[in-house]
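Step one of this worksheet: look at the structure below.
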Amino acid sequence: MAQKEATVYILDLGETMGEKRHGREKNDLEWALEYVWDKITTTVATGRKTALMSVVGFRTDGTDLSGVMEEEEGYEHITVFSELKQYLLPDIRSLEENLKPSATGEGDLISALAVAIQLIDRATTGKTGNPLKFDRRIIIVTDGRGYMDTGDLEAITSKVRDYDPPIEVVLLGVDFDDPDSGYKEEEKDAHKEQNEAILKEFVENCDGAYGTLAVAVEQLDIPRTKETRAVPSYRGTLTLGDAATYDATLTIDVERYPCTMVAKPPTASSFVVRTDLGGVPGPSTQSTSTVVGDDHPMDGQLSAVRSQRVYQVDNPEEPGQKMNVEPDELERGFEYGRTAVHISEADSNVVKLETQQSLELIGFISEDKFDRYLPMSRTNFIVSQKANPQAQLALSSFIHALYEAGCYAVARLVAKENKPPLMVLLVPRIEPDFEALVDVELPFEEDMRRYKFPPLDKKLTISGKTITEHRDLPNADLMQAMSDYVDAMDLSTFDRDEDGEPMEYARLEDTYSPLLHRVNHIIRWRATHPDPTLPLPGPPQILTKYSVPPPELLLQTEQQIIALEKAADVKKVPPKTKGRGKRTRADREKPLSGLDIDELLGNPKRVKIDASNLIPSFKRALAATDDLEAIQAAADAMGAEIRNFIANSVGDSGYGQALEAIRVMRDEITELEEPEIYNQFIRQLKEDILGGKLKGDRREMWWRIRGSKYGLIDRKRCFASDVTEEQANAFYKS
């Protein structure tokens, strides 16, 4: 279970926060809200009811303590926008309207701190008066230009430290000096400089965190990884030998935890427009974190989609009708081809394997004989049972024995009773303060897929002769050039650390999933920018940094890539030219040599359509000519063969060949941008089929053409067509 949290944001809304300083395009408050909105929306996205938040503004035009303090004297120009609660999207919308720069400079930050502590005290104290288990936090954002009454600062510091654990205080100052980041504001106002010193001392006395807002905003683009509490998937014994039969066995109490988990982007939910708006709203299956607020354009008009599963069978009393049945009246079945095979529960129990929870060692393998492509799952840690010194000593001895012998262990794992067994590989992992076995699932024989591929370094002739030099095989120069290029693109030492020493580029801890974090980034941004006309912001640079090689590295490898191109004899392929209406000889692709190969070889300009090799000969016929009459002749010959397939078909035996020929003819004619040739053919074919002119009733062939959408070529598919999309859709209607 996640730890309970109580966070209060104290925001400076004074008139000085509405000014733009140091060349920034945003005023100080808008700049500060980038950080505040990111923190609030990130918390809202978790949907945790135990993550409580509140926002308190000081130096506001009015005063609204919402009953937090008994009297308002001394707390003027402080506004409590909400008590500590779970924030939802409506709260964000409401807060957006209120967080504006005020027209006053009156209001005390120290008094706002007292209000924040009172809010935390009320929300995190039980009915008996004892403090509840909470992580308490106060985040202050200010420019330090307002008045501060420091008379009660020591008492507030003492109150902050009295909690267990103490309240975490975080101060982010607009243009505050920060020695850690090296930032220092020039020509700073003396009053602000004094306030900065007071606040910094207060935060240090509270053991809190102090920093400048510029650094905090700069770090917002760095994705935050989520650490989840590990849940054991197995708690039992690791055994060597049959403990139920023999006494001389090895038994160790262990637990199994996942090493890593796949983080997935949030999934979208489906909603429909409510139909009960005129009456009393009905129950909704929406979670509280997805309900639309009253100030949204779709105020209360959306409802979550509800699913209902209904089972139907043929009604024996009314042929052609269905009847509903209850799920408990159904029997399980399995598809065998297109037939449902029923297996009774008694029969299924015969083949069901009854297993007991266990982790049994069945063998060992040398680490140099294990193939790294065999693992089938993510890894898990197997550690000794907590608070069990005997198990810790035994497992440590076993781990060190595997490590020193250079072996891995193979075990049979049944995570829970009656679960199917898994074969796992156990690998020793030893670190200065941590020892464990790392397990990964191994395949069974049925999981293996064996494929044969020709060798990459030689060719075998039919007679059995081995050829090592061939135009399809890389020669020594090409291999060396590729090796040099790969070495030059090495990233293991390309980057530099703080001391200027070589280090790995694109380290695992520096790379993030663009899909996951980009989706979360857009969701958080849209929550505070609901206007759909606003363009989405670009992805953070850290998400795209490693999508391409670094430019400096590409410059360093220019010589290697030039040598590689030369060794591989790389030549540019001319772009493919498509016909524009009636094709001409000048539009055809020309070889690099400039010679007309067809003319030199005496190839015919018209190729006869061969019924035994229909599709290849049709493609050759179109490729051999530029004349529209020749293209029409090839299409007519192709259409005649298609009609023969249909007319001579016994049942539907020839329909598949005819359908494939129609597809090829449609695609090729579309590419030549002569759609009228195909449209004329398909109109006549439809008339012949429905008119019974192809030796009988061939309407099933027409249904196949309709189902495959092989009708008229419209303007959407080819700009040269005179057929509109509506006409093409109407063509399918008989």
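Within region 1-50, being of a type in the set (Asp, Glu) and free of Cβ contacts under 8 Å to residues at least 24 places away in the same chain holds for Glu19, Glu25, Glu30. Of all residues in region 512-544, those being loosely packed, with under 14 Cβ neighbours inside 10 Å and closer than 30 Å to Thr493 by Cα number 3. Just wondering, is there one or more residues in region 300-308 that are out of contact with any Leu (no Cβ under 7 Å at 6 or more places or on another chain), modelled with pLDDT under 80, assigned to a loop (DSSP other than H, G, I, E, B) and surrounded by 11 or more Cβ atoms within 10 Å (Cβ to Cβ)? Yes; the residues of region 300-308 include at least one that is out of contact with any Leu (no Cβ under 7 Å at 6 or more places or on another chain), modelled with pLDDT under 80, assigned to a loop (DSSP other than H, G, I, E, B) and surrounded by 11 or more Cβ atoms within 10 Å (Cβ to Cβ). Listed by first and then second residue, the pairs linking a residue in region 504-524 that is free of Cβ contacts under 8 Å to residues at least 60 places away in the same chain to a residue that is of a type in the set (A, V, I, L, M, F, W, C) and part of a loop (DSSP other than H, G, I, E, B), with Cβ atoms under 7 Å apart and 6 or more places separating them unless they lie on different chains, are Glu504/Leu491; Tyr505/Leu491; Tyr505/Phe494; Ala506/Leu491; Ile522/Leu536. When restricted to residues that are in contact with a Lys or Arg (Cβ under 9 Å, 6 or more places away or on another chain) and not in a helix (DSSP H, G or I), region 610-650 contains 6. Answer yes if at least one residue in region 207-219 is farther than 26 Å from Ala45 by Cβ and either touching a helix residue (DSSP H, G or I) at 6+ places or on another chain (Cβ under 6 Å) or assigned by TED's automatic domain parsing to the domain that holds Pro540 (or both), and no otherwise. Yes, there is a match, as at least one residue in region 207-219 is farther than 26 Å from Ala45 by Cβ and either touching a helix residue (DSSP H, G or I) at 6+ places or on another chain (Cβ under 6 Å) or assigned by TED's automatic domain parsing to the domain that holds Pro540 (or both). The residues listed here are Pro223, Pro131; of these, the one that is in contact with a His (Cβ under 6 Å, 6 or more places away or on another chain) and within 25 Å of Ile40 (Cα to Cα) is Pro223.
Among the residues of region 480-520, just one is assigned to a helix (DSSP H, G or I), β-branched (Val, Ile, Thr) and over 26 Å from the mean Cα position of the chain (by Cα), namely Val486. The number of residues in region 307-349 being more than 40 Å from the chain's Cα centre (by Cα) and closer than 30 Å to Ser269 by Cβ comes to 0. Taking (1) surrounded by 11 or more Cβ atoms within 10 Å (Cβ to Cβ); (2) farther than 30 Å from Leu238 by Cα in turn, Tyr451 satisfies each apart from (1).
The helices (runs of 4 or more DSSP H) found entirely in region 98-210 that carry 1 or more residues being among the basic types (Lys, Arg), surrounded by 15 or more Cβ atoms within 10 Å (Cβ to Cβ) and more than 41 Å from the chain's Cα centre (by Cα) are 153-162, 190-205. Scanning region 450-472 finds no residues that are part of a helix (DSSP H, G or I) and modelled with pLDDT of 85 or more. Only a single item in (1) of a type outside the set (Val, Ile, Thr); (2) closer than 27 Å to Glu227 by Cα; (3) outside any loop (DSSP other than H, G, I, E, B) is not met by Ala563, and it is number (2). Can you confirm whether Ala112 is in contact (Cβ under 8 Å) with a residue 24 or more places away in the chain and within 30 Å of Lys264 (Cα to Cα)? For Ala112, the condition - in contact (Cβ under 8 Å) with a residue 24 or more places away in the chain and within 30 Å of Lys264 (Cα to Cα) - is not met. Note on region 60-84: residues that are of a type in the set (Val, Ile, Thr) and in contact with a helix residue (DSSP H, G or I) (Cβ under 7 Å, 6 or more places away or on another chain) total 3.
With the checklist (1) among the small types (Gly, Ala, Ser); (2) touching a helix residue (DSSP H, G or I) at 6+ places or on another chain (Cβ under 8 Å); (3) part of a loop (DSSP other than H, G, I, E, B) in hand, flag the one item Ala230 doesn't pass. Going through the list (1) among the small types (Gly, Ala, Ser); (2) touching a helix residue (DSSP H, G or I) at 6+ places or on another chain (Cβ under 8 Å); (3) part of a loop (DSSP other than H, G, I, E, B), Ala230 breaks only (2). All conditions but one from (1) within 44 Å of the chain's Cα centre (by Cα); (2) surrounded by 13 or more Cβ atoms within 10 Å (Cβ to Cβ) apply to Ser649; the one that does not is (1).
Of all residues in region 369-399, those being in a loop (DSSP other than H, G, I, E, B), surrounded by 16 or more Cβ atoms within 10 Å (Cβ to Cβ) and touching a helix residue (DSSP H, G or I) at 6+ places or on another chain (Cβ under 8 Å) number 1. Filtered by the rule that a residue be in contact with a helix residue (DSSP H, G or I) (Cβ under 6 Å, 6 or more places away or on another chain) and crowded, with 20+ Cβ neighbours inside 10 Å, region 663-673 gives Met665, Arg666, Glu668, Ile669.
Using the structure shown, decide if Thr50 is over 24 Å from Val160 (Cβ atoms) and of a type in the set (S, T, N, Q). When the stated conditions are applied, Thr50 does not pass them.
When the residues of region 631-646 are filtered to those that are surrounded by 15 or more Cβ atoms within 10 Å (Cβ to Cβ) and of a type in the set (D, E, K, R), which remaining residue is nearest to Lys608 (Cα to Cα)? Top of the filtered list is Glu641. Just wondering, is there one or more residues in region 12-19 that are in the same structural domain as Val215 (by TED's automatic domain parsing), buried (at least 16 other Cβ atoms within 10 Å of the Cβ) and assigned to a loop (DSSP other than H, G, I, E, B)? Among the residues of region 12-19, at least one is in the same structural domain as Val215 (by TED's automatic domain parsing), buried (at least 16 other Cβ atoms within 10 Å of the Cβ) and assigned to a loop (DSSP other than H, G, I, E, B), which makes the answer yes.
In region 154-181, the residues that are outside the structural domain of Asn27 (by TED's automatic domain parsing) and farther than 17 Å from Val115 by Cβ form no Cβ pair under 6 Å with any partner that is of a type in the set (S, T, N, Q) and part of a helix (DSSP H, G or I), whether six or more places apart or across chains.
The values are calculated or read from the model by the stated rules, or taken from the named source; none is laboratory data. Just so we're clear, the structure is a prediction, and the values are computed from it rather than from any experiment. Neighbour counts are summed over all protein chains in view; Cβ atoms, including those assigned to glycine, are modelled from backbone coordinates with ideal geometry.
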